Amino acid sequence: MLKSNWLLLSLLATPVMAAPLNVMLYHHIADDTPHVTSTTVSDFVAQLDHFEEQGYEIVKLEEAVQQFRQGKTLDEKSLALTFDDGFASVCDTAYPELKKRNLPFTVFVTTDPIDKGYSSYCTWEQLKEMADNGVTIANHTLDHTHLVNNAFNDENWFEAATGNIESAQNRIIDEIGYAPMIFAYPYGEYNNDLKTWLDERGYTSFGQQSGSIGVSSDWQALPRFNAAGNYASIESLRHKITASPLPLNYAVLADPLTTDSQPTLTVELLPSREAYYPHLQCFLNGQPTVIDWHSETGFSVTPSNGLSNGRHRVNCTAPHRDGSPFFWMSQQWLVVPNK
Ligand SMILES: [Zn+2]
């Protein structure tokens with residue numbers, strides 16, 4: 001083979017051959033909290049056993065994303081564990097289990113309920129002890145508000161949203177002594193203006209859409225796989241922990257905040273020797289949906305019926321040419337009324 005062809009092929013192959021990072025999203029680790037946001041203790045233990053059996057490295061989230069942001073890929077099969085909100089079961093139940101196994105993890109805390117001493121949340125004392133033992137305590141706003149859904153009808157939304165995030169960051173610094181520059185959007189809701197501000201401030205931000213992280217990710221809209229409720233079983237997680245990012249430039253995806261009830265997701269895939277695009281499938285809110293191909297690598301997905309106001313999700317996956325693993329991408333829409 002000509003040297004130049006070989007070089008071209010290796011360049012094409014690089015973004016998908018490097019080990020991706022897949023991030024698990026949890027809320028409660030408990031048997032008596034709401035099913036949809038809970039992972040039972042036995043499912044959680046089974047998941048951790050499975051990750052270990054499959055040879056995954058559980059990595060510190062902020063260090064792994066920093067490595068990707070510097071253009072360096074990970075060498076190991078890696079997963080990161082994240083817990084949103086700071087619910088009591090994370091401190092009471094998940095922490096002892098993870099400490100025993102010496103695994104790092106991140107808790108994205110909502111600070112107001114902790115300040116108010118609500119019993120369903122961890123205390124600052126618990127979180128400080130965890131931080132002293134290597135757990136990352138990070139920002140999930142003051143009050144778990146919908147940060148952007150008034151962006152079209154409230155001229156003060158931006159000051160409110162950014163002030164909220166800054167105040168929560170300061171509360172964590174006050175209590176823990178340090179707050180990493182990572183952030184998780186409540187409900188996974190964001191728009192481009194908020195992303196730009198977070199980027200300028202030096203944050204890396206996480207949504208709740210599913211998918212895998214690689215060098216071409218959008219650092220202000222990183223995906224995570226929900227590992228709770230119906231998604232807590234090993235069977236459900238098997239294809240997610242082995243997933244790779246669908247090769248595309250994630251930063252150019254549409255602003256998820258829209259007044260259009262039939263918003264179009266347009267994707268331009270990057271050439272790949274591994275992902276098999278002819279077998280790409282997309283799902284809207286879990287239902288298979290029509291894919292409109294413009295070229296071999298360009299496609300769009302538009303809902304055939306108007307979406308209700310609120311959150312909706314488009315997931316697209318393509319198999320590996322050898323059948324597995326899967327390449328993923330996901331876009332969350334947040335449809336809001338016209339002002
Ligand atoms: Zn949350």
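The values are calculated or read from the model by the stated rules, or taken from the named source; none is laboratory data. The model shown is predicted, which means the values in this text are computed figures rather than measured ones. Glycine gets a Cβ as well: all are built from the backbone with ideal geometry, and neighbour counts include every protein chain shown. The protein model used for the area step is the full one, side chains on, heavy atoms only, and it has no ligands, DNA or RNA in it. Shrake-Rupley method; radii C 1.70, N 1.55, O 1.52, S 1.80 Å.
Of the numbered conditions (1) over 17 Å from residue 203 (Cβ atoms); (2) open to solvent by 40 Å² or more (accessible area, probe 1.4 Å), residue 178 satisfies every one except a single condition; which is it?
For residue 178, the failing item is (1).
Which one of 216, 210, 233 is at pLDDT 95 or above and either of a type in the set (Ser, Thr, Tyr) or within 16 Å of the ligand (Cβ to nearest atom) (or both)?
210
Conditions tested, residue by residue: (1) touching a residue at least 40 places away in the same chain (Cβ under 8 Å); (2) open to solvent by 10 Å² or more (accessible area, probe 1.4 Å); (3) of a type outside the set (A, V, I, L, M, F, W, C); (4) over 21 Å from residue 69 (Cα atoms).
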position: 166; (1), (2), (3), (4): no, yes, yes, yes
position: 210; (1), (2), (3), (4): yes, yes, yes, no
position: 222; (1), (2), (3), (4): yes, no, no, no
position: 236; (1), (2), (3), (4): no, yes, yes, yes
position: 240; (1), (2), (3), (4): yes, yes, yes, yes
position: 246; (1), (2), (3), (4): yes, no, no, no
position: 251; (1), (2), (3), (4): no, yes, no, no
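Name the single residue that is nearest to the ligand (Cβ to nearest atom) among those in segment 68-124 being surrounded by fewer than 16 Cβ atoms within 10 Å (Cβ to Cβ) and outside any loop (DSSP other than H, G, I, E, B).
115
Check every one of the strands (runs of 3 or more DSSP E) wholly within segment 292-339 and list those with 3 or more residues that are touching a residue at least 12 places away in the same chain (Cβ under 8 Å) and among the aromatic types (Phe, Trp, Tyr). Spell out how you get there, then give the answer.
Values: elements: 298-301, 310-319, 326-335.
Counting at least 3 such residues, we get 326-335.
As an exercise: evaluate residue 256 against (1) in the same structural domain as residue 62 (by TED's automatic domain parsing); (2) under 29 Å from residue 320 (Cβ atoms) and give the number of the one condition it does not meet.
All conditions pass for residue 256, except number (1).
Across segment 181-196, what is the number of residues that are over 15 Å from the mean Cα position of the chain (by Cα) and surrounded by fewer than 20 Cβ atoms within 10 Å (Cβ to Cβ)?
4
Among the residues of segment 125-164 satisfying the criterion of being among the hydrophobic types (A, V, I, L, M, F, W, C) and open to solvent by 30 Å² or more (accessible area, probe 1.4 Å), which is nearest to the ligand (Cβ to nearest atom)? If you could, list the steps in order and put the result at the bottom.
Filtering segment 125-164 down to residues among the hydrophobic types (A, V, I, L, M, F, W, C) leaves 127, 130-131, 135, 137-138, 142, 147-148, 151-152, 157-158, 160-161.
Those still in the list that are open to solvent by 30 Å² or more (accessible area, probe 1.4 Å) too: 142, 152, 158, 160.
Working: 142: 12, 152: 23, 158: 21, 160: 18 Å.
Per the stated criteria, the residue is 142.
For the structure I just gave you, tell me whether residue 201 is open to solvent by 10 Å² or more (accessible area, probe 1.4 Å) and in the same structural domain as residue 185 (by TED's automatic domain parsing).
It is true that residue 201 is open to solvent by 10 Å² or more (accessible area, probe 1.4 Å) and in the same structural domain as residue 185 (by TED's automatic domain parsing).
Kindly evaluate residue 196 against the criterion of being polar (S, T, N, Q) and touching a strand residue (DSSP E or B) at 6+ places or on another chain (Cβ under 9 Å).
Criteria not met by residue 196.
Out of everything in segment 165-203 that is in a helix (DSSP H, G or I) and hydroxyl-bearing (Ser, Thr, Tyr), what residue ends up being nearest to the ligand (Cβ to nearest atom)?
187
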